[in-house]
Amino acid sequence: MKVVCDIIKIKLMDHSLSILFVIQIRQGSKMIKVEHLKVQFGQSVVLKDINIEIDKGEVVVLIGPSGTGKSTFLRCLNFLVRPTEGRITIDGFTVNAKIASRKDIYQLRLKTSMVFQNYNLLKNKTALRNIMEPMVTVQKKSKDKAEKIALDLIKKVGLLEKKDAYPKEMSGGQQQRIGIARAMAVNANVMLFDEPTSSLDPELVGEVLTVIKQLAVESNKTMLIVTHEMKFAREVADRIVFLEDGCIAGMGTPQEIFENCTNERIRKFVNTVSSNIMEGK
Ligand SMILES: Nc1ncnc2c1ncn2[C@@H]1O[C@H](COP(=O)(O)OP(=O)(O)OP(=O)(O)O)[C@@H](O)[C@H]1O
Ligand SMILES: [Mg+2]
């Protein structure tokens, strides 16, 4: 909820102007709206009529069993997967899946950036060059400007000393932190994270989650994060969405999901994942 103060000028009978301050409590403005999203691969319907709205600056964590459509959902938002049906609006720009042109898709893609499970860094470029890459190739920024921004970002993820290192000279956690800095570099309003720590050794998970948490607090970006890290989900999320069999089977605040969840299925899932992590499975 956000408090909004509007100034309304009212012209009175005697033609004098009076100014009223109207303070309203209303939902924060929407950054993402997904309407009737459906994805079908051959005979298999993977996402079935998904509808959701996400506020500007909101951090949404997607959880749910394997194969339930979490990655597909995230990838529909930037059309890495083209939905079979539905409408996606990001930051006021709407794309209808059935009639989307290449130009529409390109425009939509500019509104999001993605952090991949396997970092996807360019092997033949240094950490700094990897961060600069989308700014130079997609946004056509000058190298000097891109380098200045990249240096700021590499400091933010705590890896200035690795700026000239190649991916093979960095740990998985360090590579993923560079992947996050690269995603931040394009300065999109929406950041998508698909299991950003699932390829990491357990001892490297914490450093990446810390960077994401810091980003969530400081950047005011809208974030969608798929993760099995329940403790992290609880700490970082404004809202948790539970996806099952291609449907949103429930959602709520971390407190509603982790502490007083009335949905038996979600409670069971959360308990199972949490105990698997404790047992190191
Ligand atoms: N390109 C594709 N062609 C055909 N089927 C696909 C394709 N991509 C995904 N699927 C299927 O869609 C379903 C959902 O996959 P998705 O990767 O979205 O699940 P997920 O919830 O992210 O799972 P996980 O937690 O294991 O990553 C799966 O059954 C998968 O096999
Ligand atoms: Mg997935």
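Some values worked out for this structure:
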{"read-out": "All-pairs alpha carbon distance profile, the range 55-100, 5 Å steps from 0, percent", "value": "5, 18, 24, 24, 18, 9, 1"}
{"read-out": "Footprinting exposure proxy for Thr253, Thr89, Thr262 (fewest neighbouring C-beta atoms within 10 Å first)", "value": "Thr262, Thr253, Thr89"}
{"read-out": "Largest-first principal axis extents, alpha carbons of the range 121-198, Å", "value": "32, 28, 21"}
{"read-out": "Of Ile63, Ile248, Ile52, the one that fluctuates the most in a GNM where the chain has Cα springs shorter than 10 Å", "value": "Ile52"}
{"read-out": "Most fluctuating residue given options Arg267, Arg87, Arg182, as computed from a GNM of the chain linking Cα atoms under 10 Å", "value": "Arg267"}
{"read-out": "Cut-off under 5 Å, modelled amide H: who pairs with Lys30 long-range", "value": "Lys56"}
{"read-out": "Among the listed pairs Lys148/Lys221; Lys70/Lys140; Lys111/Lys213; Lys48/Lys70; Lys155/Lys231, those beyond 23 Å (Cα-Cα)", "value": "Lys70/Lys140; Lys155/Lys231"}
{"read-out": "At least 18 Å along the helix axis (C-alpha) and Kyte average at least -1.0, DSSP helices within the chain", "value": "143-156, 172-185, 202-219, 264-278"}
{"read-out": "Radius, Kirkwood style, for the range 41-126 when every pair of distinct Cα atoms is counted (Å)", "value": "14.7"}
{"read-out": "Enclosed volume per residue, in Å³, of the convex hull spanned by Cα atoms of the range 200-281", "value": "105"}
{"read-out": "Inverse mean reciprocal Cα-Cα distance (Kirkwood Rh) of the range 41-187, Å", "value": "17.1"}
{"read-out": "Fraction of beta bridges assigned by DSSP in the chain that are antiparallel (%, nearest 5)", "value": "65"}
{"read-out": "FRET efficiency estimate (nearest 0.05) - Cβ-Cβ, Ser142 to Ala249, R0 51 angstrom", "value": "0.60"}
{"read-out": "Residue exposure sequence - Thr197, Thr126 - by fewest surrounding Cβ within 10 Å", "value": "Thr126, Thr197"}
{"read-out": "Candidates Thr112, Thr72, Thr137, ranked by Gaussian network fluctuation over the chain, Cα under 10 Å, top entry", "value": "Thr137"}
{"read-out": "Shape box of the range 145-281 [Cα atoms, principal axes, largest first, Å]", "value": "51, 32, 24"}
{"read-out": "DSSP bridge orientation in the range 175-281 - percent antiparallel, rounded to nearest 5", "value": "50"}
{"read-out": "Descending semi-axes in Å of the chain, equivalent ellipsoid built from Cα gyration tensor", "value": "32, 27, 21"}
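Every number in this text was worked out from the coordinates using simple rules, so none of it is lab data. Keep in mind it's a predicted model, so treat the numbers as computed, not measured. In this analysis, Cβ positions are derived from the backbone assuming ideal geometry, glycine residues included, and neighbour counts consider all displayed protein chains.
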